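Trainee: Before anything else, here's the structure in question.
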Amino acid sequence: MNAQRAGRGSPSGSECPSFQPDTVREGLWFDGADGSGERFRLDIVNECLWQQVPDGADRRRLLSPKSFAVLKHLIDRAGRLVTHEEFFETVWSGVYVQPEVLKSQILSLRSVLEDDARKPRFIETLSRRGYRFIARVAAADAIPSGAFAEASASVNLVGREQPLSELGAILQRTVHQRQREIVFVTGETGIGKTSLVDAFLRQIRVEMPQARIALGQCVEGYGGKEAYYPMLESLRELCMGEGGAPLARDLASCAPSWLAQIPTLLQPAQRPALQRELLGGTRDRMPRELVNLLQRVTQDAPVVLVFEDLQWADPSTVSLIEVLARARTPMQLMLIGTYRTADLVSGDHALQALRQELQLHGLCGELPLEPLTEHEIAAYLTAQASPGCSPPEGLARLIYRHTEGNPLFMVTLLEHLRQRGLLTSVEGAWHLRAPLNTIEFEVPETLREMIETRIARLSAEEQRVLEVASIAGVAFYPQCCAGAAALDPERAEELCQALAERHCVLRAAKGDRQASREYAATRYEFAHAMYREVLSRRLTPARRAGHYARMASSLESGGTAESQQPPVLADHLDRASHPAAATGKGSSVTREPPWVGGILAVQG
Ligand SMILES: Nc1ncnc2c1ncn2[C@@H]1O[C@H](COP(=O)(O)OP(=O)(O)OP(=O)(O)O)[C@@H](O)[C@H]1O
Ligand SMILES: [Mg+2]
């Protein structure tokens with residue numbers, strides 16, 4: 001505890017007398033990517049850094065709270081590009097800071113780690129994009145076994161045993177049949193694609209240490225600019241990592257056109273010869289050269305490539321995936337691609353057509369990730385507490401109801417509860433500071449921004465119909481919202497159908513088949529209650545009342561006889577300050593027309 005206080009507020013990187021903390025040796029170890037054996041431990045409990053001193057007591061290096069947060073974020077995402085934007089959204093969430101602030105934090109971390117930006121051992125700069133932690137990372141308790149893990153060991157994955165074992169089976173096939181395998185891990189934003197792949201890579205490192213692993217990240221807004229970006233990243237990682245020297249030689253002999261694109265790997269002496277060799281036609285030969293290279297390097301050991309966030313892939317990368325999928329040469333290559341389903345379906349994305357085509361011919365597989373169940377959320381909460389401490393009764397159900405099993409929403413909501421002081425963890429046990437039924441759930445700021453960004457990308461008509469739908473009930477008929485959204489009923493229906501087909505914000509209401517058949521109309525609901533909440537909170541009171549009024553009058557003018565008007569209509573007329581509300585119109589209902597169902601659901 002003292003150590004923690006001493007750490008806070010001290011200048012970044014200053015040292016302090018060395019002693020070993022009595023606290024649990026919790027944290028993450030890492031050692032320089034150059035194999036020098038220099039080792040550090042990020043002390044999560046005391047928020048500082050320990051430098052291992054051979055034959056001596058470890059030396060404590062103090063970090064400012066922000067430096068600690070930046071370093072922890074980098075280490076949690078070890079091996080991956082962390083973009084400037086990601087830093088600003090996470091470490092400086094909700095606060096505007098100048099980009100130089102990030103630079104200066106990285107500078108001070110480099111000085112503590114005695115790292116050189118030109119020859120990095122810990123933090124690599126990826127020009128104009130961000131930074132990557134390149135040192136090898138392991139959980140403190142993993143050290144004795146010598147099994148290193150590159151990603152955060154503090155992540156507790158739940159409910160992913162099945163996809164993990166499927167990935168394992170695919171890798172086994174690659175190795176035993178020497179056949180390249182391509183698999184896409186897909187799902188909505190925050191469903192856990194990256195976490196699953198990270199867990200799989202951790203598993204490979206322990207169970208198949210001879211396998212070579214490389215990550216290539218597609219970056220939003222960057223895709224179209226640099227062809228083959230994730231593959232170039234992967235090759236650079238493979239060549240610069242442990243045992244990369246022979247690969248760099250193979251690159252020069254089998255794939256000079258690729259080598260020419262990775263200046264950091266080029267020896268000055270190689271440049272003139274390479275330039276002569278590459279005169280003309282470089283782009284055309286790149287796919288062929290890569291297949292030759294991969295065939296060669298996968299002869300002795302499997303290679304696992306991960307292309308992350310392919311929804312932002314450049315067209316050359318998509319063509320390259322096709323070339324690899326169709327290559328007939330034997331190679332122990334497993335390519336895992338992740339992408340957000342909705343982003344692929346909504347645009348005219350080349351990868352969507354390619355995936356369908358490849359799947360049809362059995363040339364790729366897909367692992368669509370499902371939301372977590374309530375039971376799995378309970379397991380997650382239990383795993384976060386000390387053994388024997390169970391989470392507060394009903395918390396898992398509540399989180400499930402508000403997040404519908406999306407892991408990102410789950411962890412963000414939990415964090416939000418913690419920040420508001422409603423949920424605390426004392427000595428490994430969860431404590432709720434207020435009865436569950438009194439806690440008002442609001443959408444955490446970071447999620448609200450993410451949802452707002454998604455909505456802003458939709459057309460004006462789509463946004464209008466969604467805005468009205470957000471106050472029309474848990475499940476609604478598009479016809480019910482049409483008037484208020486200034487749309488024809490058919491157009492409103494078309495828009496909702498298209499959004500649901502694109503897995504975007506809406507979906508057909510669950511368990512509604514009977515009603516759909518009877519009335520030849522489909523009810524829709526929001527894919528997440530949070531989407532509905534964000535949209536409805538955008539409405540000013542006057543606009544909301546206006547929508548209610550227009551919904552109410554379109555119900556009235558829809559020819560509904562007085563005896564057929566639902567009781568809830570009076571409520572809506574009332575909310576809209578409609579004169580008919582006072583007359584008691586809409587006080588009884590026998591059998592309502594289909595669109596009324598949406599309004600009725602407001603009560604539920
Ligand atoms: N199975 C799981 N169990 C517990 N937590 C999980 C699980 N899957 C993901 N998480 C947590 O949810 C958050 C989001 O996960 P992740 O980044 O892997 O999602 P993603 O699908 O890759 O998102 P994106 O579409 O933005 O790339 C992370 O904080 C992660 O730790
Ligand atoms: Mg991801």
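Every number in this text was worked out from the coordinates using simple rules, so none of it is lab data. Quantities reported herein were computed from a predicted structural model and do not represent experimental measurements. Glycine gets a Cβ as well: all are built from the backbone with ideal geometry, and neighbour counts include every protein chain shown.
Trainee: Compute the distance in nm between two label points, each set 7 Å from the Cα along the Cα-to-Cβ direction, one at Glu242 and one at Arg326.
Mentor: 3.8 nm
Trainee: May I ask you to derive the FRET efficiency for Gln299 and Glu440 from their Cβ-Cβ distance with R0 = 41 Å, giving the value to the nearest 0.05?
Mentor: The pair Gln299/Glu440 has a calculated efficiency of 0.10.
Trainee: Taking 0.36 nm per intervening residue step and subtracting the Cα-Cα distance, what contour gain separates Gln52 from Ser93 on full extension?
Mentor: Extra length available between Gln52 and Ser93 comes to 11.5 nm.
Trainee: Grab the beta carbon distance between Glu220 and Glu393, set R0 = 51 Å, and tell me the FRET efficiency rounded to 0.05.
Mentor: Using R0 = 51 Å, I get an efficiency of 0.80.
Trainee: Another question about this same structure. So how far apart, in nm, are the two label points at Ala353 and Arg418 if each is 7 Å from Cα heading toward Cβ?
Mentor: 4.6 nm
Trainee: Between Arg283 and Gln179, with labels modelled 7 Å along Cα→Cβ, what's the label distance in nm to one decimal, could you check?
Mentor: My value for the distance between the label points is 3.4 nm.
Trainee: Estimate the FRET efficiency between Ser386 and Arg537 by the formula 1/(1 + (r/R0)^6), using the beta-carbon distance for r and 35 Å for R0, to the nearest 0.05.
Mentor: The pair Ser386/Arg537 has a calculated efficiency of 0.40.
Trainee: Once the piece of chain linking Ser165 and Glu374 is laid out straight, how much longer is it, given 0.36 nm per residue of separation minus the C-alpha distance between them?
Mentor: 73.1 nm
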